[in-house]
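The values are calculated or read from the model by the stated rules, or taken from the named source; none is laboratory data. If you're wondering where the values come from, they're calculated on a predicted model, not measured in any experiment. Cβ coordinates were reconstructed from backbone atoms using ideal geometry, including for glycine residues, and neighbour counts include every protein chain displayed. Just the protein is used for accessible areas: all its heavy atoms, side chains included, with ligands, DNA and RNA removed. Shrake-Rupley method; radii C 1.70, N 1.55, O 1.52, S 1.80 Å.
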Amino acid sequence: MNYVRLQNGVKMPQEGFGVFQIADAEQCEKAVMEALSAGYRLIDTAAAYMNEEAVGRAIKKSGIPREEIFVTTKLWIQDAGYENAKKAFQNSLDHLGLDYIDLYLIHQPMSDYYGAWRAMEELYDAGKIRAIGVCNFYPERLTDLCMNARIAPMINQVECHPFFQQKAALENMKELGVQIEAWGPLAEGQKDIFHNPVLTEIGKKYGKTVAQVILRWHIQRGVVVIPKSVHKNRIEENLDIWDFELTHEDMDVIGQMDLGHSEIIDHFSAATAKWLNSYKIHK
């Protein structure tokens, strides 16, 4: 496993396990248990995924010392604002059954995220959170927060995969000292990516699958990845990416696959903002 070091010195695994869209509690708990057994030590969840309790049970049952597992969860839009964020953080802590969170992220750059950020800064100061960051902050929002916050974000988790490579955003994050983390690192299977002929040919050279090639591509770009699967063989396969290295030519070929925009979600549309703000995770 490779590790990245965040701007505050915290060490974070470069590959982890995501649990987005694993709504069934039993299935989620089983998948996290299998991921931990396979060797993953970064688990990424969110209040909006409605599975923090299942993740917490799996961590407890694993028997792995708490300090060896890097746990991420996220603050939903509904809980933005200073007081709301403090309550939501405690709820996540209780759901997970933990004493602290390794990484706490603002899930979307919407509503009163500045108020939420001030609360997160205080929780960080108090040692309740080891690192704080954001999700889905495009360059102008990320730059603005970095320039105005007392503590700058340490992570920005954004959509990133061969079809949407976030080249400009990646450069902006490097300039700001913010670590990029990819959600949807395998493009959520869109555009039949697992049968893509270019990626398939590259994989044949190394005896690796398309998924392994993509994940290795991310790693070599310095991106943290959190692939998701509920299948034990794929959970293990996704972690088997540390025994080969893509050539500069391979990296350049994959670089040419970039469409330059998302085909999963349009964060710049009014309809998306309305939809995200209308999604409630509690009364």
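In table form, for the structure just shown:
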read-out: Considering residues of the stretch 129-141 that are out of contact with any strand residue (DSSP E or B) (no Cβ under 7 Å at 6 or more places or on another chain) and not hydroxyl-bearing (S, T, Y) only, the residue farthest from K11 (Cα to Cα); value: E140
read-out: Only listed residue being among the β-branched types (V, I, T), under 19 Å from V230 (Cβ atoms) and free of Cβ contacts under 8 Å to residues at least 60 places away in the same chain, chosen from I69, I64, I22, I59; value: I59
read-out: Among the residues listed as T272, T209, the single one being closer than 24 Å to L145 by Cα, touching an Asp or Glu at 6+ places or on another chain (Cβ under 7 Å), open to solvent by 10 Å² or more (accessible area, probe 1.4 Å) and among the β-branched types (V, I, T); value: T272
read-out: Residue selected from the stretch 218-257 under the condition in a loop (DSSP other than H, G, I, E, B) and more than 20 Å from the chain's Cα centre (by Cα), by the criterion nearest to A54 (Cα to Cα); value: D243
read-out: Residue count for the stretch 162-175, restricted to those that are open to solvent by less than 50 Å² (accessible area, probe 1.4 Å), without any contact (Cβ under 8 Å) to a residue 60 or more places away in the chain and on the phi < 0 side of the Ramachandran plot; value: 4
read-out: Number of positions in the stretch 264-283 that are in contact with a helix residue (DSSP H, G or I) (Cβ under 7 Å, 6 or more places away or on another chain) and either part of a helix (DSSP H, G or I) or modelled with pLDDT under 95 (or both); value: 2
read-out: Candidates L98, L123, filtered to the one that is in a loop (DSSP other than H, G, I, E, B) and surrounded by fewer than 21 Cβ atoms within 10 Å (Cβ to Cβ); value: L98
read-out: Lone unmet requirement of (1) of a type in the set (V, I, T); (2) more than 21 Å from G127 (Cβ to Cβ); (3) in contact (Cβ under 8 Å) with a residue 60 or more places away in the chain for V10; value: (2)
read-out: In the stretch 47-81, residue nearest to D24 (Cα to Cα) [restricted to those that are open to solvent by 60 Å² or more (accessible area, probe 1.4 Å) and assigned to a helix (DSSP H, G or I)]; value: E53
read-out: Residue check for A31: buried (at least 24 other Cβ atoms within 10 Å of the Cβ) and modelled with pLDDT of 95 or more; value: yes
read-out: In the stretch 176-199, the residues that are within 20 Å of T209 (Cα to Cα), open to solvent by 10 Å² or more (accessible area, probe 1.4 Å) and among the aliphatic types (A, V, I, L, M); value: L186, V198
read-out: Selection status of D250, of a type in the set (D, E) and free of Cβ contacts under 8 Å to residues at least 40 places away in the same chain; value: no
read-out: Long-range neighbours under 8 Å by Cβ, at least six apart or interchain, first residue within 13 Å of K167 (Cα to Cα) within the stretch 253-269, second open to solvent by 80 Å² or more (accessible area, probe 1.4 Å); value: D258/K167
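Okay, residues lined up against (1) among the polar types (S, T, N, Q); (2) crowded, with 24+ Cβ neighbours inside 10 Å; (3) assigned to a helix (DSSP H, G or I); (4) in contact (Cβ under 8 Å) with a residue 12 or more places away in the chain:
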site: E83; (1), (2), (3), (4): no, no, yes, yes
site: K86; (1), (2), (3), (4): no, no, yes, yes
site: D94; (1), (2), (3), (4): no, no, yes, no
site: M110; (1), (2), (3), (4): no, no, no, yes
site: R118; (1), (2), (3), (4): no, no, yes, yes
site: V134; (1), (2), (3), (4): no, yes, no, yes
site: E140; (1), (2), (3), (4): no, no, yes, no
site: A152; (1), (2), (3), (4): no, no, no, yes
site: N156; (1), (2), (3), (4): yes, yes, no, yes
